[in-house]
Amino acid sequence: MPFRDIVKTVEVGGQKARVLDSGPAGPVVVMLHGWGGRIESMAPVIIALRSDFRVVAFDLPGFGESPAPDGVWGTADYAEFVRDCLIDIEITSAMFLGHSFGGKTALYLAATHTGSVDKLLVTGASGIRTPPNLKARAKRAMSRTARAAGKAGPPGRVLRDVIYGRIASEDYKNAGPLQPTFVRVVNEDISAILPRVSCPTLLIWGTEDDASPLSHARRMEELIPDAGLVLFDGAGHFAYLDEQERFARVAAHFFGAK
């Protein structure tokens, strides 16, 4: 692992997290990975930015080498934990870069603790819920069937597991003990608080993102007062990996690299 020598463990309120702290003293960029990710998931961006910025990145609780939290956390819990960890290492405000669920967490933090976030770059962020399409409604109907079958005894539980195995997302299947947390955060819509994000915000989106559709990015751009949207044509949910050099260049310019 390329960052082994510059990571440490931070503990706040009994919850531990693995944290990378790299780069020169000066402006801080905090990076938050997406669901199922870890510090190394953001490696290309970390490497690109740490010559100009102090980069702080997390294994969010339950991911990478950070232990899972007690109880079922929501986006607010993750945002508060990140803020508390930063205060613990004497960072009271910073610029943030978040991908997917990490972007949603950073958006929540920017909306609820406006003084903590100086600038915000999010890519493929979750957090907007739209009315379900036909496919989603069919999955919900199958889910209701599965729950009913599970109450009918052992044969019904077998049917329930078969149905869940067919309709569950890969993230849900791989969530393990975090499955209740996954269900909670997926169902949280933060659109109502986005107008409270007052810092300069840049949205970078792949036009072929099938996890956080482009319509969500356009909605975020409408709701956040000081937001701009940059599209990476042909890129998917991991636009920062699909176009690494371009993404790093845009991010460095936005954050004010010299």
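The values are calculated or read from the model by the stated rules, or taken from the named source; none is laboratory data. This one's a predicted model, so the numbers in the text were calculated from it and none came from an experiment. Here Cβ is always computed from backbone atoms with ideal geometry, including for glycine, and neighbour counts include all displayed protein chains. Ligands, DNA and RNA are stripped out before the accessible areas are found, and what is left, the full protein with its side chains, is counted by its heavy atoms. Shrake-Rupley method; radii C 1.70, N 1.55, O 1.52, S 1.80 Å.
Numbers at a glance
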{"item": "Rounded to whole Hz, the Karplus (6.51, -1.76, 1.60) HN-Hα couplings of the range 48-61, x for glycine and proline", "result": "5, 9, 6, 6, 10, 9, 7, 9, 10, 10, 10, 8, 4, x"}
{"item": "Simple Cβ-charge dipole of the range 1-114, Lys/Arg +1 and Asp/Glu -1, about Cα centre, in debye nearest 20", "result": "260 debye"}
{"item": "Interchain or long-range residues, amide H under 5 Å from residue 55's placed H", "result": "22, 23, 29"}
{"item": "Carbon + sulfur, % of accessible area of the range 46-100 - ligands and nucleic acids excluded, 1.4 Å", "result": "42 percent"}
{"item": "Mean Cβ count within 10 Å, highest first, over the residues of peptides 187-196, 241-250", "result": "241-250, 187-196"}
{"item": "Accessible-area order (highest first, 1.4 angstrom probe) of the listed residues 11, 40", "result": "11, 40"}
{"item": "Between the range 205-224 and the range 30-53, the alpha-carbon center distance in angstrom", "result": "21 Å"}
{"item": "Per residue, the convex hull volume that the Cα atoms of the range 1-59 enclose (Å³)", "result": "89 Å³"}
{"item": "For the range 1-127, accessible area per residue (1.4 Å probe, heavy atoms of protein chains only), Å²", "result": "34 Å²"}
{"item": "Residues of the range 53-72 with amide N under 15 Å of a point placed 7 Å along Cα→Cβ from residue 91", "result": "53-61"}
{"item": "Counted charge near residue 23, where neighbours are those whose Cβ lies closer than 11 Å (Asp, Glu -1; Lys, Arg +1)", "result": "0"}
{"item": "Proximal aspartates and glutamates relative to residue 258, as straight alpha-carbon distance under 18 Å, when same-chain residues fewer than 8 apart are discounted", "result": "52, 118, 245"}
